[in-house]
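These notes are about the structure you will find just below.
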Amino acid sequence: MQLNEIKMDNNKFTKITFILSLALIVVSTVWAANLEKMKAVARENPNSASAHAQLGLAYYEHGLYIKAVDSFKKAISIDKNFAEAYHGLGMAYDELRMYKEAITAYQNNLKLTPDDAHAYISLGYSYFMLGKDKDAISAFQKAIEIKPDFAEAHRRLGIVYIFLKDKKSALKEYEILKKLDSKAAEELFKLIYK
């Protein structure tokens, strides 16, 4: 490589870095504007469970999990039958590593929407993080019972089996996953033989 090629590469690198920086500024500005918009909507509609749940989601997406918890709780206080707000509350609790609280939120979600495979996935995750492996397996299996082609449920179930050193069951999930999501199957396979 000659010196003038290196200079050109550095110049290209500078341009690429500048363009990426501009893109990040634009995305950050849009993201911040969205949060401000959600705050305004919640202020303008203080009795709207949906507005507070949307604000909770915006806080969650910004990594402001304590504020997300508060917003989801506000939504639930307005509408005790708002299943999605319970799910959002559970997700925020998971991020705060408050798994017992997350489990309660997901259970409330499932009382309202017992066929919500995604809620079972989230519930299984919280159980797993608390070391309640049998409960995690049951939750992931319930998600699969509801939605047999739910690749993420098979992947997570396989991971629990790997953790429990049940290679046979993990391989069974891998075989199913190959038909549903080849990339996820490959990742699970690598974990099985790690």
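The values are calculated or read from the model by the stated rules, or taken from the named source; none is laboratory data. From a predicted model like this one, the values you see are computed outputs, not experimental measurements. A quick note on method: Cβ atoms are made from the backbone with ideal geometry, for glycine too, and the neighbour counts reach across all protein chains shown. The protein model used for the area step is the full one, side chains on, heavy atoms only, and it has no ligands, DNA or RNA in it. Shrake-Rupley method; radii C 1.70, N 1.55, O 1.52, S 1.80 Å.
Whether any residue in segment 131-152 is touching a Phe, Trp or Tyr at 6+ places or on another chain (Cβ under 8 Å) and basic (Lys, Arg) is what I want to check. Checked segment 131-152: at least one residue is touching a Phe, Trp or Tyr at 6+ places or on another chain (Cβ under 8 Å) and basic (Lys, Arg). Sub-6 Å Cβ pairs linking a first residue in segment 56-75 that is more than 16 Å from Pro46 (Cα to Cα) to a second residue that is open to solvent by 70 Å² or more (accessible area, probe 1.4 Å), at least 6 apart or interchain, are Tyr59/Lys67; Tyr65/Glu95, ordered by first then second residue. For segment 142-154, enumerate the residues that are surrounded by fewer than 24 Cβ atoms within 10 Å (Cβ to Cβ) and either within 21 Å of Phe189 (Cβ to Cβ) or at pLDDT below 95 (or both). Listed by number, the residues that qualify are Ile144, Pro148, Asp149, Phe150, Ala151, Glu152.
Of all residues in segment 104-143, those that are touching a Gly at 6+ places or on another chain (Cβ under 6 Å) and within 26 Å of Ile162 (Cα to Cα) total 5. One residue stands out in segment 71-107 among those that are in a loop (DSSP other than H, G, I, E, B) and of a type outside the set (Lys, Arg): the one that is modelled with the lowest pLDDT, namely Phe82.
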